[in-house]
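Q: I am attaching a structure below and will ask some questions about it afterwards.
The values are calculated or read from the model by the stated rules, or taken from the named source; none is laboratory data. On a predicted model such as this, the values are computed, not experimentally measured, just so you know. Every residue, glycine as well, gets a Cβ built from its backbone with ideal geometry; the counts of neighbours run over all protein chains shown. Areas reflect the complete protein model, heavy atoms only, side chains present, ligands, DNA and RNA absent. Shrake-Rupley method; radii C 1.70, N 1.55, O 1.52, S 1.80 Å.
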Amino acid sequence: MTRLGFVLTALLAVAGVMGPAPVAAQDDVAGVTGAGEGIFSTGATFNGVTLRRLELGHGLFIARDGSAMGQFHAVLRGTSLLGQARDVIVEGKVTGGSVAGNGGVTFSGTATVNMGDGTPPVPGVPFAATVSTNSLALILNATALPTATVSAGSITIE
């Protein structure tokens, strides 16, 4: 199964677990789902990995009070300083969010980051993502990555 197929399957599983929405979530400001691939602009790096593209999957609800619940998954694909292919895996739990006036959404929480280099995954990494229907900007800890343009799949904000 391809990674995109895995992400789509995982997203459907999250949607199945999360729905129907609990009573507290019925006053949601937004429901956000997405599965796809994106392309980084030239020069994108994270912890010594030159990033080329990403695969994403997320499903979440944002309440009027700014609380949120859901999951975020991204695979940042690139190359190490030695030129080896590297996949950085980000698995996040969404706990907060907001809807922008332009229709975009920002959500945040904590993630486990696996650098894909054999070192143990790092839990508790703060993250924030700003998404629109065609882009995703990600901040991991204090590192802001350039906005990735969605090239396959989709992001839905309702």
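Q: Measuring with a 1.4 Å probe in the full set of protein chains, what accessible area per residue, in whole Å², belongs to region 58-158? If you can, show how the numbers build up before the last one.
A: Numbers: 4850 Å² over 101 residues.
Solvent-accessible surface per residue comes out at 48 Å².
Q: Here's another thing I want to ask about it. From the protein chains alone at 1.4 Å, what is the descending order of accessible area for Thr147, Thr79, largest first? Numbers along the way, then the final one.
A: Numbers: Thr147 75, Thr79 40 Å².
Accessible-area ranking of Thr147, Thr79, largest first: Thr147, Thr79.
Q: Oh, and also: Got a sec? What order do Glu55, Glu37 fall in by accessible area at 1.4 Å, biggest, i.e. largest, first?
A: On the way: Glu55 10, Glu37 50 Å².
Sorted descending by solvent-accessible area, the residues read Glu37, Glu55.
Q: Additional query: Taking the Cβ-Cβ separation of Glu158 and Ile89 as r and a Förster radius of 22 Å, what is the calculated FRET efficiency to the nearest 0.05? The partial results should precede the final answer.
A: On the way: r = 27 Å, r/R0 = 1.24.
Approximately 0.20, to the nearest 0.05.
Q: Report, to the nearest whole %, how much of the accessible area of region 104-158 belongs to carbon and sulfur atoms, 1.4 Å probe, protein only.
A: In region 104-158, the share of accessible area belonging to carbon and sulfur is 56 percent.
Q: Can I ask one more? Around Thr50, with a cut-off of 14 angstrom between Cβ atoms, what is the net charge of the other residues, counting Lys and Arg +1 and Asp and Glu -1?
A: +2
Q: What does the charge count near Ile39 come to, summing +1 for each Lys or Arg and -1 for each Asp or Glu among other residues with Cβ under 12 Å from its Cβ?
A: That works out to +1.
Q: Test of the criteria: in region 63-149, which trypsin sites (Lys or Arg not before Pro) are in a DSSP loop and have at most 14 other Cβ atoms within 10 angstrom of their Cβ?
A: Filter output for region 63-149: Arg64.
Q: What is region 27-157's relative contact order, in percent, from Cα pairs under 8 angstrom and six or more apart in sequence?
A: This gives 24 percent for region 27-157.
Q: Moving on. Can you give the convex hull volume per residue for the Cα atoms of region 27-157, as a whole number of Å³?
A: Each residue corresponds to 92 Å³ of Cα convex hull volume.
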